[in-house]
Amino acid sequence: MLKLSGLSTDRAGPRHVKVLILGAGPAGLSAALYSARAEFNPVVLTGLQIGGQVAITNTIENYPGFPKGVGGSELGDLFQKQAERFGAEIEVDSAHSVDFSSRPFKVSADNRDYAADSVIIATGANPNHLNLPRENELAGRGVSYCGTCDGWFFKGKKVAVVGGGDSALEEGLFLTRFASSVTIIHRRDSLRAGTLLQKRAAENSKVKFIWNTTVASIVGDEKVQALRITNLQNGEQSTLETDGLFIFIGHTPNTQMFAGQLEMERGYIRVDEHFHTSIPGVFAAGEVADPHFKQVIISAGMGAAAAIEATHFLEQASN
Ligand SMILES: Cc1cc2nc3c(=O)[nH]c(=O)nc-3n(C[C@H](O)[C@H](O)[C@H](O)COP(=O)(O)OP(=O)(O)OC[C@H]3O[C@@H](n4cnc5c(N)ncnc54)[C@H](O)[C@@H]3O)c2cc1C
């Protein structure tokens, strides 16, 4: 075997596993717990983010069982340890291509190939960023991508919302429960959101709109204090004082490698009510198959359900 700088130039043959789980967020690790307790010795490929989006979240206050809240990375760690206790194997590796045309299913990851009797896809979806300077640095310090998660921290404060679709309005209206004002900044002069949501927003005295405008930069060192905004019609810049910047400009599901193999809807993997994809034996759980809820508890529940279904599938296949 030729070795260059410690890297092997060839690969071992595919490793056969009964349950291969792609993703180590709440969905993947919950699926791992249930598959491990069913004694299938699941292997979890983590991708780049062990713990998933939870790991980059400061505090989670709406996951049951933690009345004082729990640190995001701590929760991810607890999910992992619980799954490992029952025999789940966590591999720090990213899948890059799959072949679901015959069984066992083939999955190629950066470090090795797998032949899997069943696959649970839990690769998540990432909230789209505005890509402003220091946007990432101020996430959790005024910048947020989730009103349901962070609204409570903005009691009596001013917040700005960017977006013009259903989620911007839904989340914006939710934020009026806490914030003293919610200013929706939209780059066009009309919204994409449904008529009923538009009507509710227009009737809510806390909601204001700034049309034909984008955010140019965030003002504030330690936390968000204001935004520099640009009027797209006349190019004029102004400052909007705000304590929070909520960005709702869509999510990008991590599904590129499944294109052409699984049925999708708007980029999300299409599943039935039991989390079966269009290929028997391949299941999907969490945000990769959930364009709507995007919460830890929902992803964890979907992961558990997908693993129960994978168990039934494997039991039937062996009879
Ligand atoms: C800043 C922030 C704050 C949040 N706060 C809250 C909150 O307070 N409460 C709440 O309920 N929810 C909150 N959420 C949402 C919550 O984190 C998500 O709903 C949840 O993590 C989704 O879980 P998931 O397992 O479906 O996907 P993810 O958490 O996105 O996990 C996806 C996993 O797939 C892996 N992966 C991706 N590609 C590959 C690949 N090619 N091969 C292998 N693995 C791959 C990733 O590395 C990761 O491990 C927050 C989200 C963010 C971004």
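Could you compute the FRET efficiency for THR148 and ARG187, with r as their C-beta to C-beta distance and R0 at 25 Å, rounded to 0.05?
Details: r = 24 Å, r/R0 = 0.96.
Efficiency computed from Cβ-Cβ geometry: 0.55.
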* Asked: What residue among GLY72, ALA139, LEU173 has its Cα farthest toward the positive end of the dipole of segment 35-187, where the charges are +1 on Lys, Arg and -1 on Asp, Glu, each on the Cβ?
  -> LEU173
* Structure fact -> Expressed in angstrom and rounded, the centroid-to-centroid distance over alpha carbons for segment 85-116 and segment 18-62 is 14
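For the chain, with only Lys/Arg (+1) and Asp/Glu (-1) charged at the beta-carbon, what is the dipole magnitude about the Cα centre, in debye rounded to 20? Show your work: numbers first, answer last.
Numbers: 29 positive and 34 negative charges, 137 e Å.
It comes to approximately 660 debye.
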* Structure fact -> Taking a crude spin-label model, label points 7 Å out from Cα along the C-beta direction, the ARG15 to PHE293 distance in nm is 3.1
* Which shape class applies to segment 124-212: rounded if a/c is under 1.5, otherwise prolate when a/b exceeds b/c and oblate if not, where a ≥ b ≥ c are the square roots of the Cα gyration tensor eigenvalues? -> oblate
* **Potential extension, GLN233-GLU61 segment - 0.36 nm per residue separation minus Cα distance** => 57.8 nm
* Treating the angle as unsigned and between 0 and 90°, give the value, to the nearest 10°, between the Cα long axis of helix 26-37 and the longest Cα principal axis of the chain. => 30
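Answer rounded, prolate or oblate for segment 1-140, using the Cα gyration tensor with square roots of eigenvalues a ≥ b ≥ c: rounded when a/c is under 1.5, else prolate when a/b is larger than b/c, else oblate. Intermediate values should be presented prior to the final figure.
Working: a/c = 2.09, a/b = 1.39, b/c = 1.50.
Judged from the Cα gyration tensor, segment 1-140 comes out oblate (a/c at least 1.5, b/c at or above a/b).
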* Roughly how many Å is it from the Cα centre of segment 202-263 to that of segment 127-167, as a whole number? -> 8
* Asked: Which Cα, out of ILE90, TYR34, LEU130, lies furthest along the positive dipole direction of segment 16-152 (beta carbon charges, K/R +1, D/E -1)?
  -> TYR34
* Which of LEU191, LEU240 has the fewest Cβ neighbours within 10 Å, and the rest in rising order -> LEU240, LEU191
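FYI, it's all coordinate maths here, none of it is from the lab. Quick caveat: nothing in here was measured; it's all calculated off a predicted structure. Quick reminder, even Gly has a Cβ in these numbers, built from the backbone with ideal geometry, and neighbours come from all protein chains shown.
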